[in-house]
Structures are given as C-alpha cells and as structure tokens.
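Down below is the structure, laid out as structure tokens.
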2 protein chains.
Amino acid sequence: MAQTSNRPPRIDNLQYCKWSEDIFRQMRQGGLDAVHVTIAYHETFREMVRNIEAWNLRFERHSGLIMPGRSAEDVRTAQETGRTAVFFGLQTPSPIEDDIGLVEILYTLGVRFMQLTYNNQSLLAAGCYEAEDSGITRMGRQVIREMNRVGLVIDMSHSGERSTLEAIEISERPIAITHANPASWMPARRNKSDDVLRALARSGGMLGFSLYPHHLKDKSHCTLESFCAMVAQTAELMGVDRLGIGSDLCQDQPDSVVEWMRVGRWTKEIDYGEGSREQAGFPAMPAFFRDNRDWENLGEGLRKVGFAANEVSAIMGGNWLHFYDASFGPAQSHAPTPRASTGAMA
Amino acid sequence: MAQTSNRPPRIDNLQYCKWSEDIFRQMRQGGLDAVHVTIAYHETFREMVRNIEAWNLRFERHSGLIMPGRSAEDVRTAQETGRTAVFFGLQTPSPIEDDIGLVEILYTLGVRFMQLTYNNQSLLAAGCYEAEDSGITRMGRQVIREMNRVGLVIDMSHSGERSTLEAIEISERPIAITHANPASWMPARRNKSDDVLRALARSGGMLGFSLYPHHLKDKSHCTLESFCAMVAQTAELMGVDRLGIGSDLCQDQPDSVVEWMRVGRWTKEIDYGEGSREQAGFPAMPAFFRDNRDWENLGEGLRKVGFAANEVSAIMGGNWLHFYDASFGPAQSHAPTPRASTGAMA
C-alpha cells in the first residue's frame, strides 16, 4: 500500500499481540501508522524492563517496518517513512511498585499510557471487578499529579465507575479510556456508563472503541453495521473529536496469556474475568475485523452510517494524534490545561 | 559569574560528590557547564534506577542550577541558560547484571559512560587490583559492540593494563579513561602506563586528569605547578586534543562511601584500595583544587606552563565537548568510525 504523508494517520490505541514480523507486515498492509501496545500487566519493574528489551530487539531487527513512538511527531515520521510507530503502555500500575519515582523513569523509557488499576484494587484505585470501589487512593492522587507533570496518560479502561469519575476530576490533564465501549450498547462489566462517557468528553478525554468480542454486542458475531451504529450514537453523546479506536487485538496469543492477564500472581484459583469456564480462552475476533489488514472495513462501515470523510479520518487516528500532541511530555504552560469543550457531531 | 554562550565550555568528566544545593551553587561559581557524575558503583539495576530517581528529584528541585545532560547540545543549552548539565556514568558494569539488553536501557535512561570493570574482575574485563588480567571476556566483547552501537562510552579508568589495551583495540569507537594520571608521574596502581596512553591517543580516545590525591605526586600536598607540568608532558605524549579533566571530586562524602566503593558486597573483610589502614578514609584535596570554585586556578596553572589560551580552553572542556559530539548516540555512519590522528602540541 502506497503511503502519502498528507493523509491523516491511522492509529490503533491498544493492541497486545504475540508480536512477529508477520503482524508488523499486516500493520503495513492495513496502513497503520501508529499503535499503542501493552508492554506489561502484572510485571514488576524489572520484568517490564525485560519486555522493553524485547521491543528494542524488535526495533533493531525490523527497522524497516516499525520504529519507537515517543511523541506525536514520531507518528508523522512513521507516515513519511512507511513504518508503524509503536507506543508503550501498561495495563496495571504494578511496574511502579510502591515507588512514585518510577513514574518519571517509565516516561523516560518510553511508556506513554498507564492504567491506574486492572480488574482488582491496586495501590492507586479500584478495578471494575471489585465489590467495593472506594475511589482514588492517597497514593493514587500523588501518582496522578506526577503523571500529569511528566506527561504520562492516565488510562481507566479497567477501572471501577467511581475511581474513573474521580480520576477524570482529579487529573489536571485529559485522561483516556483506551479500550472499552458504552455499556448502553453492550452491558459488560468492562464497558462504560453514559455518566462516565459524558464526564470523559467534558474533560477533553478520549474513548478508544474496543473490538474485543467480550465488549461487543453479540460478541464474536457482532456485525460491522451494529458496531458503527454504536459509534455514531456515542458521537452524539461525546462529540466526534473524543473518539478513536483501541481494538484490544490479541492476535496469535496462546490462551495461557489471557489467564496471565486475569490471574497474574494474585490468586491460586482460576478467575475467568470476562470469559467463563466454558469459554476460558481468547474469543474469535468479529468477521469484519480479524486483524490489522481489516482497517479499511472499519472506514467503510463508518462512512455508511453517515460520518463525513473528515470525521472518519478523525475517528480512525486524527483524534488520537491531536491527543498525543497535547498529552505526552510536560504541559506547555504551568497553568492547569484548559478543559476542551465537546465538539458537536457535524 | 556572568555566562556568555560563546566562551568554550568548562567540563569536569568525573565527580561523585554528596550532592546538595551548596555544591550546585559552587559549580555555578566555578563556571562549570557540564559534569559527568557517577550514579552507581556496585548497585544492581534496580538500585541504580533508584539513584536516577534521586537525580530526577534534584533536577526538579534545582532546575535553575542543573539540568539533565544527554547530548553535546545540552552542554550548549546549559551554557546559554547559566546551568550545569549533568551526565550520568557507572564505575562498574554491575547495573547491567548478566543482561546485554540493559545496555540500551541504560542509554535510554541517560547513562553515557560505563566502566567495564572497577578494581576487580567483572563479567567483562579485569580490574587493576587483580593478580591476573586475562583481558576482555566473551561477554565483554559483546557488550563493547552493543555500547558502540547505542553510543555509550567505554571507560577503562579502573581496569587492568591488558584489558584496557584490548578495549581500545576492540572498540570501533574511541574510548575514555575518565579519571587517571600517567604512572610515569605518580606510580599508583590506578595510573596509566605510557603504552596505554599512546594507544588511547592513537585511537582518538580521551584522558581525564584526576585530582584525587592518591593519583597525584605528593598526594594531598601536590602543587599546581607539578600537576600542570605533568599535563604539559602528557600533551607531548598524547597531543593536546586528547586531554581533559576528570577531577574525581568526592566532596562532602562520609568515609563510609569510600568503603562502599572499595568493598561493595564482594568481601566481608576491609579492602583499603588506594588507601591504607592508617589512611582509610577520603584524603584531603590538594590546596589548589578544593572544590568547584577553584577551576580558575587550574586555568591559570595551565597558562603558566606554556599552554596557549585555546589549548587551555580545550583541556578545560572543549575537548570533552568534541568527544561528546562524536560519542553519544548511534554513530553517524554504519561504517566503523575513523580513528582520529593525534594532534601535535602547538
């Protein structure tokens, strides 16, 4: 596929594949200019660093296909050189251990997104599977301030309702829900209430729509039409500018990995999370988005439900690029970042 | 002291003080534009990261006096903004553990110099206190190549003679001896033979003259005249372009720190290193260089032994700046870096 540097970028703001040259080639075939990849779930700091070492080796070995992503400018460089810029993120805060100084260390190592909690209570906030959500903790408030200072984005994809609303309120800079859908469309525990989505939009935050079957109406049988109609409805609620994609693609991963995500080292029992004893493994992706070669399908589906060409481009990556521009690194002024107003759908 | 951005920079390529606002202010009084500081001796990777966290806090709290140094350009920025740029270095390779992937991680975290060994045998090379020096190890060869690739400078200040000569030979890019003096002037185990100094100069490497009393003729009683005459003699041997300062200033450190340097965790006995049972602690600095306020003394001393003004500037920092320009980060071409020829003293 020929790349032109003037076209808007295509960005997927959450993937956790079993990385390989095949997948990097598929990203190029799908015209993906940037991807935010999970580099740790329950890892310690040292284990996370080992995962970055593995990425460094990939960057060295596949330098014609991928490059390290640290800034919005890197997305533009990737577009110009026909590569995919890879941004690092964490799905739990366990790599910062109990040490706030590690927030800046993570930033220096290239981490740009961090969830304050996965499904459980963390040192910082409550996850969406806890019976009680007591909101942002004392350390959580300190870590939010430090993440704001260095420009590491707060991600509340797996957090409980109260913790999410408080993070939006406490953070001086817009936050992200990198991979989730509206609960009004598919009432999964991981999907988000209209209250959360409205507060997120008011604060200038971003929602990345998930294509992970447990977050989709009819799961693996979800249709492109249903998915895109949901996007259009969410645009009415939040404004087009606040929307992107965070596919949660876990291509080629063995089922042992989804067990690691859910169980980590916190229990000796099996926790099925969004799955069940009968469906314990990774579910099949929906037919309209099997892997990175299917990005064009999404674009077509969005056009068919009435989005204008510029709106499709915004949802497919332009909005994430603006968010990257504003969010990574220290804020341009020392004053609190103004909250962006919600753009109306055209 | 008024700063002008056109004057050549003043650089000290080795200090390990007990850092404080007082010392940062003395650096400004002495007009020091950049300093290479030791951030680890026998620390593990995680312990070294904690030391970087402590530096991040200093950068945040004393942002008017110091700034992180990552590139030669940062020295120029420090000059223009009246601050001292702080570059990180390691005196042993223990923070890379047994893991070559940590070399690039160190670089990303800002480390710019690493000794392949301290006084003892390491996984990479032999130190100057070992009875046998079997040269660069198998892992050492791999790590040298990786350090060359990412642009992390090899420092052989504490290494044995054979290991040092082999590192000079094996490295595709010039190396440094950041803090030592010629053994012909002061026959300390840590000082370097003329063979080493000649090979270092031929390869385009740098020698940083030490002001640590155990490396000085007459130790704490060394005179400025004797020190500067030694510099002039070394310029005859190596060429002025290969010379800089690496004072080894350990200001305000308690004697427990010199014990940590010497003993680490490798023995339960006391090893006195360059000291002795009678003189186990830090020796008193020579009268002409008590701390960072005495840089002007050095300049005067060098002029008095016959160096021209531009040569004094080169030794006081200009040469290190050129070395930083060529040495930090990936090499400009993929071809091996040409070895610089030795400049003759004017």
note = DSSP beta bridges in chain B: the antiparallel percent, rounded to 5, is 5 percent
key: Given charges at beta-carbon only (K, R positive; D, E negative), |dipole| of region B:43-172 in Debye   = 460 debye
remark   = A correct fewest-to-most ranking of B:130, B:225 by other Cβ atoms within 10 Å would be B:225, B:130
Cα centre as origin, Lys/Arg/Asp/Glu Cβ charges: the protein assembly as shown dipole, Debye = 860 debye
query = So what's the gap between the Cα centers of region B:175-191 and region A:20-95, to the nearest angstrom?
reply = 44 Å
inquiry  = With Kirkwood's inverse mean 1/r over C-alpha pairs for Rh, give me the Rg to Rh ratio of region B:12-91, two decimals please.
reply    = 0.95
request  = Over region B:107-232, calculate the relative contact order: mean separation of alpha carbon pairs under 8 Å at least 6 apart, over the residue count, as a percent.
outcome  = 19 percent
ask   = Among A:9, A:67, A:297, whose Cα lies farthest out toward the positive end of the dipole of chain A, if unit charges sit on the beta carbon of Lys, Arg (+1) and Asp, Glu (-1)?
value = A:9
Debye log10 I(q)/I(0) for the protein assembly as shown, one point scatterer per Cα, at q = 0.07, 0.10, 0.11 Å⁻¹ = -0.54, -0.95, -1.07
note = Ranked from fewest to most other Cβ atoms within 10 Å of their own Cβ, B:266, A:320, A:185, A:295 fall in the order B:266, A:185, A:295, A:320
inquiry  = Output needed for region A:240-315: three equivalent-ellipsoid semi-axes, defined as square roots of 5 times the C-alpha gyration tensor eigenvalues, in descending order, whole Å.
reply    = 33, 14, 10
request  = Under a 10 Å cutoff between Cα atoms, tell me which one of B:292, B:120, B:56 has the largest fluctuation in the Gaussian network model of chain B.
outcome  = B:56
request  = Would you mind classifying region B:11-327 by shape? Square roots of the alpha carbon gyration tensor eigenvalues, ordered a ≥ b ≥ c; an a/c under 1.5 is rounded, otherwise it is prolate if a/b is larger than b/c and oblate if not.
outcome  = rounded
query = So how do B:179, B:322, A:158 line up by other beta-carbon neighbours within 10 Å, fewest first?
reply = B:322, A:158, B:179
task = Would you mind telling me which residue in A:140, A:101, A:246 has the biggest mean-square fluctuation in a Gaussian network model of chain A, where springs connect alpha carbons within a distance under 10 angstrom?
result = A:101
key: Total charge dipole magnitude, chain A, about the Cα centre, Cβ charges on Lys, Arg, Asp, Glu only, Debye to nearest 20   = 440 debye
message = Per-residue Cβ counts within 10 Å, from other chains only, averaged over A:107-113: what number is that?
response = 2
ask   = lysines within cross-link reach of residue B:217: Cα-Cα under 17 Å, excluding same-chain residues under 8 positions apart?
value = B:192
task = Enumerate the helices in chain B for which the Kyte-Doolittle hydropathy averages -1.0 or more and the C-alpha atoms extend at least 20 Å along the helix's axis, using complete DSSP H runs.
result = B:45-61, B:224-238
task = Can you tell me the relative contact order of chain A? Whole percent, Cα pairs under 8 Å, sequence separation 6 or more.
result = 20 percent
request  = Send over the Kirkwood Rh of region A:143-300, from the inverse of the averaged 1/r over different Cα pairs, rounded to one decimal Å.
outcome  = 16.6 Å
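Just so you know, all these numbers are worked out from the coordinates, no wet-lab data involved. Remember, it's a predicted structure, so these values are computed and weren't measured experimentally. Virtual Cβ from ideal backbone geometry, glycine too; neighbours counted across all protein chains shown.
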